[in-house]
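The structure appears right after this line, and notes come after that.
The values are calculated or read from the model by the stated rules, or taken from the named source; none is laboratory data. In this text the structure is predicted, and so the values were computed from the model without any measurement. All Cβ positions, glycine included, derive from the backbone under ideal geometry; neighbour counts span all protein chains shown. Surface areas here come from the heavy atoms of the whole protein model, side chains and all, with no ligands, DNA or RNA. Shrake-Rupley method; radii C 1.70, N 1.55, O 1.52, S 1.80 Å.
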Amino acid sequence: DDEEEPTVMLGFAADVSEPSLLARNHFPSKIGGAPAWLDPVNLPTERQLRCGASGEPLRFVAQVYAAASDEPHAFHRSILLFLSPHGPSLSRPGAVRAFRCQLPRD
């Protein structure tokens, strides 16, 4: 049987000993707080950060650093997840949004 088993990677939340490690220049993965945009110039618009269902600001939930070694223009990459503040709206369009923020290797 030449079929490969899929690779599963799990991450777990842990306390950070030094809060400065959550700064964008450390390429953090984090839950809650404020997003650490890798590229502070090319940010989502205010409209993009609003719930498509209620029009209220989305809440930042998590940021995951997901480097792409095969993509030099997107070597440093983070995925940021935002949710509507209204749980019942989560199934509606625009109530859950994910953004990719990336930087080249150099």
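What value does region 1-85 have for Rg/Rh, both radii from Cα atoms and Rh as Kirkwood defines it? A ratio of 1.05.
The share of accessible area on region 7-106 that comes from carbon and sulfur is 55 percent, using a 1.4 angstrom probe. Derived scalar couplings between HN and Hα for region 49-57 equal 8, 10, 5, x, 8, 9, x, 7, x Hz in order, rounded to whole Hz, by the Karplus curve 6.51 cos²θ - 1.76 cosθ + 1.60 (θ = phi - 60°), x for Gly and Pro.
The trypsin sites (Lys or Arg not before Pro) of region 61-106 meeting both criteria, a DSSP state outside H, G, I, E and B (loop) and at most 14 other C-beta atoms within 10 angstrom of the site's C-beta, are ARG105. Can you check what the net charge comes to around LEU38, using other residues whose Cβ is under 13 Å from the Cβ of LEU38 (Lys, Arg +1; Asp, Glu -1)? Result for the neighbourhood of LEU38: +4.
Below 13 angstrom from the Cβ of GLY52, what's the summed charge of the other residues (Lys, Arg +1; Asp, Glu -1)? That sum, taken over residues with Cβ under 13 Å, equals +3. With all protein chains kept in place, the per residue accessible area of the chain amounts to 73 square angstrom at a probe of 1.4 angstrom.
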